[in-house]
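Taking it in order: structure first as structure tokens, then the write-up.
The values are calculated or read from the model by the stated rules, or taken from the named source; none is laboratory data. In this text the structure is predicted, and so the values were computed from the model without any measurement. Calculation scope for accessible area: heavy atoms of the full protein, side chains included, ligands and nucleic acids excluded. Shrake-Rupley method; radii C 1.70, N 1.55, O 1.52, S 1.80 Å.
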Amino acid sequence: MRTPRPLLRRGLTATAVVALPFGLAAAPAAAGPGISVSTSGSTVSVTTVACARLNGSYGNASLLTSSQVNFAQGRQTALAGSGAAQNAAWSNVSPGTYTVVVICSNETVAGTQAVVVSAASASATPTVSATSSSASPARGVMGGLGGATRDYGRVTLLAGAALVGSGVIASGWYLRRRARPHRF
């Protein structure tokens, strides 16, 4: 029995479609552990586990107002803590929207996150905002977290690619079977 050439071409195309996500999965994953920012009254604090001690320092954190655009313009504080967690805090912060940026001593950005300090937040209950795992634009929209803010890793990406690929192959097989004339 011979195999028709169009079927071979379709098989090669399906193989290429399935292999494409695997090639894309080989790209390095960007995103570290990120930062966690919280407010309590007029105090803003940040915690991270992304920075390692280098030359006696973990790095610096900066609190930027809405009119400041880079790290050097903000209120800078050195990170303190241990190898398990590093933190920094700013007190007497006036109400408004701020961006917290953490840069480790090896000059990598541990994370960037926007935080809102309100005049009514002077209560004893601290308000904790969501964590950010990547360096995002300093003046982005504060519409909440989306699917692009979390790195799921290669295993999840490969599993998803395998499911999509098997779905494509199964759909092609089903449609090919439906296109054949029925012989009784």
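Using heavy-atom solvent-accessible surface (probe 1.4 Å) with all chains present, what is the largest-first order of Trp173, Trp90? Mind dumping the intermediate values first?
Values: Trp173 160, Trp90 10 Å².
Highest to lowest solvent-accessible surface, that is Trp173, Trp90.
Rounded if a/c is under 1.5, else prolate if a/b is larger than b/c, else oblate: which is segment 63-110, with a ≥ b ≥ c the root eigenvalues of its Cα gyration tensor? Spell out each step's value before the answer.
Working: a/c = 2.72, a/b = 1.50, b/c = 1.81.
Judged from the Cα gyration tensor, segment 63-110 comes out oblate (a/c at least 1.5, b/c at or above a/b).
Rolling a 1.4 angstrom probe over the protein chains, ignoring ligands and nucleic acids, what is the accessible area of Thr47 in square angstrom, nearest 10?
Rounded to the nearest 10, that gives 60 Å².
Heavy-atom accessible area of Val109 with all protein chains present, probe 1.4 Å, nearest 10 Å²?
Solvent-accessible area, nearest 10 Å²: 70 Å².
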